[in-house]
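Engineer: My questions will all concern the structure given below.
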Amino acid sequence: MFKNYERNLGLKLTGYTNTASAFLLKSLHELQPGGRLAYIMPIEFLNTGYGSVVKEELLKDGLLKELIRIDAEKDVFPEAVTTIVIVLAARDGVADPVMFSTVESLAELDGEENLRCGKSASRNALNPHSKWLNYFEKHQHEIRKDLLVPLAYYGNFSRGIATGANEFFALSWSEISRHRLPEKAVSPCITKSAQVKKPIFTESDLLSLRDADAPVYVLDVHGKPDTAVKAYIKLGEEKKYDKRYLTKCRNPWYKLEHRTPPPIWMGVFSRNGYKVIRNYSSAVNLTCYHGFYPNIFGAKYVDHLFAYFLSRAGQSILKICMRRYGDKLDKFEPNDLNGAFVPCPEFFDLLDPNVFSNSQGKISEAGWIEELNDFFEKLIVATEKILETSFEQ
């Protein structure tokens with residue numbers, strides 16, 4: 001289908017483009033002079049890479065008039081699993097600022113005057129390659145871009161290990177013993193987000209989970225499997241785990257991708273603030289977390305980055321990169337995080353390195369310390385601006 005878009009419309013779409021976005025693009029090209037359209041669709045295209053093409057087309061000829069985010073999606077669409085946006089467009093030759101509005105209750109949908117309480121952004125300031133979800137926020141911040149660099153400057157986040165059959169690969173200590181699997185055939189691994197309760201995770205925490213018989217190991221076969229491992233693999237084949245979507249694409253099917261323990265974990269899904277963990281253990285992680293792997297330069301700043309991620313300013317700035325789903329569920333993708341703004345080395349170097357060793361206990365119990373919050377607040381300025389875009393009431 002997407003080849004037809006490139007051939008007939010001159011639009012090159014990626015395989016990630018959802019159906020709603022494809023239909024919107026087709027409708028925009030068919031919109032006649034004087035015509036108007038309203039689309040109800042998932043909001044995620046505003047913060048994704050494939051959405052750049054959609055936003056670029058919406059901005060052409062002043063087509064886009066307003067975006068209305070439905071925060072009451074469960075009242076309007078009970079079965080929805082993503083946040084909904086209403087796209088209003090018209091081919092009227094008028095290039096007014098674009099309105100960003102939010103509906104928080106069904107009552108606000110009753111009458112056009114109730115929808116005109118949002119904010120508008122200058123069309124020239126809207127970059128189709130930037131993330132647009134932050135334009136809906138009531139309280140905006142101007143960030144000090146002169147003090148920030150992309151996270152990729154220090155390293156990168158990678159998704160966790162995708163097993164394709166957690167029931168088979170995730171193991172507790174009792175299961176390892178019952179199947180007589182050798183220790184060399186398993187690796188310590190966080191298999192569920194809820195297994196980590198505090199922002200600092202140590203080897204002692206890992207051992208406590210093991211003693212509680214939590215599934216904190218993953219099958220990790222190297223070389224030729226021994227008799228016990230062969231028997232366990234055969235058991236998995238009897239249960240057809242080797243026929244799953246991911247497993248059948250691997251050769252052999254039970255061989256997982258290699259990972260080393262990352263020093264920072266970032267929760268994939270969140271509500272009301274993301275989950276970030278400083279990992280001091282020997283555990284790797286499944287897809288419940290993304291793992292940060294510093295480069296040679298970034299290894300010096302792992303603690304600095306962790307403190308920044310925990311801070312109020314860090315949470316506010318990284319929020320720009322989140323993808324929004326239904327029921328106020330947020331999600332990070334690794335590339336979203338890798339392009340997120342973090343402090344430059346010169347700013348990090350102003351932070352007393354002793355603050356980490358002196359504050360671990362406080363961070364572990366409370367999740368933050370005020371001294372770090374105050375330090376990172378210098379990165380943002382409270383204003384009715386967001387990034388470099390001014391809003392008009």
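Engineer: By count of other Cβ within 10 Å, fewest leading, how are His258, His29 ordered?
Structural biologist: On the way: His258 10, His29 13.
Ordered from fewest to most neighbouring Cβ atoms within 10 Å, His258, His29 come out as His258, His29.
Engineer: A further question on this structure: Which FRET efficiency value, to the nearest 0.05, do you get for Cys344 and Glu137 by plugging their Cβ-Cβ distance into 1/(1 + (r/R0)^6) with R0 = 30 Å?
Structural biologist: Numbers: r = 24 Å, r/R0 = 0.81.
It comes out at approximately 0.75.
Engineer: Also: Mind listing which trypsin sites (Lys or Arg not before Pro) in the stretch 1-69 are in a DSSP loop and have 16 or fewer other Cβ atoms within 10 Å? Don't skip to the end; give the middle numbers.
Structural biologist: Numbers: sites: Lys3, Arg7, Lys12, Lys26, Arg36, Lys55, Lys60, Lys65, Arg69; in loops: Lys12.
Passing both the DSSP loop test and the Cβ count: Lys12.
Engineer: If you take every residue apart from Val268 with its C-beta less than 13 Å away from the C-beta of Val268, what net charge results, scoring Lys and Arg +1 and Asp and Glu -1?
Structural biologist: Values: positive: Arg159, Lys192, Arg271, Lys275, Arg323, Lys331; negative: Asp330, Glu333, Asp336.
Value of the local net charge: +3.
Engineer: While we're looking at this one, here's another question. Could you pull out the chymotrypsin sites (Phe, Trp or Tyr not before Pro) across the stretch 158-264 that fall in loop regions by DSSP (anything but H, G, I, E, B) with no more than 11 other Cβ atoms inside 10 Å? Don't jump to the answer; show the numbers that get you there.
Structural biologist: Working: sites: Phe168, Phe169, Trp173, Phe201, Tyr217, Tyr232, Tyr241, Tyr245, Trp253, Tyr254; in loops: Tyr245, Trp253, Tyr254.
For chymotrypsin sites (Phe, Trp or Tyr not before Pro) across the stretch 158-264 that sit outside H, G, I, E and B with at most 11 neighbouring Cβ atoms in 10 Å, the list reads Tyr245.
Engineer: I would also like to ask the following. Once the Cβ-Cβ distance between Glu238 and Thr260 is put in as r, and R0 is 35 Å, what FRET efficiency do you end up with, to the nearest 0.05? Don't skip to the answer; put the middle values down first.
Structural biologist: On the way: r = 32 Å, r/R0 = 0.92.
Computed FRET efficiency for Glu238 and Thr260: 0.60.
Engineer: Could you tell me whether the stretch 265-314 comes out rounded, prolate or oblate from its Cα gyration tensor? Rule is a ≥ b ≥ c as square roots of the eigenvalues, rounded for a/c under 1.5, then prolate if a/b exceeds b/c, otherwise oblate. Working shown, then result.
Structural biologist: Values: a/c = 2.16, a/b = 1.14, b/c = 1.90.
Oblate shape, in that a/c is at least 1.5 and b/c is the bigger or equal ratio.
Engineer: Can you list residues whose amide H is under 5 Å from Asn156's amide H, if they're 5+ apart or on another chain and H is modeled 1.01 Å from N?
Structural biologist: For Asn156, the qualifying residues are Tyr293, Asn295.
Engineer: In a shell of Cβ-Cβ distance under 13 Å around Ser174, excluding Ser174 itself, what net charge do Lys and Arg (+1) and Asp and Glu (-1) give? Mind showing how you got there, number by number?
Structural biologist: Working: positive: Arg178, Arg180, Arg210; negative: Glu175, Asp211, Asp213.
Every neighbour counted, the sum reads 0.
Engineer: For the stretch 171-275, which GluC sites (Glu not before Pro) are both in a DSSP coil and crowded by at most 15 other Cβ atoms within 10 Å?
Structural biologist: Numbers: sites: Glu175, Glu183, Glu203, Glu237, Glu238, Glu257; in loops: Glu257.
The qualifying sites are Glu257.
Engineer: Which entries in the list Lys331/Lys378; Lys275/Lys300; Lys131/Lys248; Lys131/Lys197; Lys12/Lys131 go over 28 Å, if you measure between the two C-alpha atoms of each?
Structural biologist: From the list (Lys331/Lys378; Lys275/Lys300; Lys131/Lys248; Lys131/Lys197; Lys12/Lys131), the Cα-Cα distance tops 28 Å for Lys131/Lys248; Lys131/Lys197.
Engineer: For the stretch 147-203, evaluate the Debye formula with one uniform point scatterer on each Cα (no solvent term) and list log10 I(q)/I(0) at q = 0.12, 0.15, 0.17, 0.20 Å⁻¹, rounded to two decimals.
Structural biologist: Summing over Cα pairs of the stretch 147-203 leads to -0.47, -0.67, -0.80, -0.97.
Any read-out appearing in this document is the output of simple, stated calculations on the displayed coordinates, not a laboratory observation. Every value quoted in this text rests on a predicted model; they were computed, and no experiment measured them. In this analysis, Cβ positions are derived from the backbone assuming ideal geometry, glycine residues included, and neighbour counts consider all displayed protein chains.
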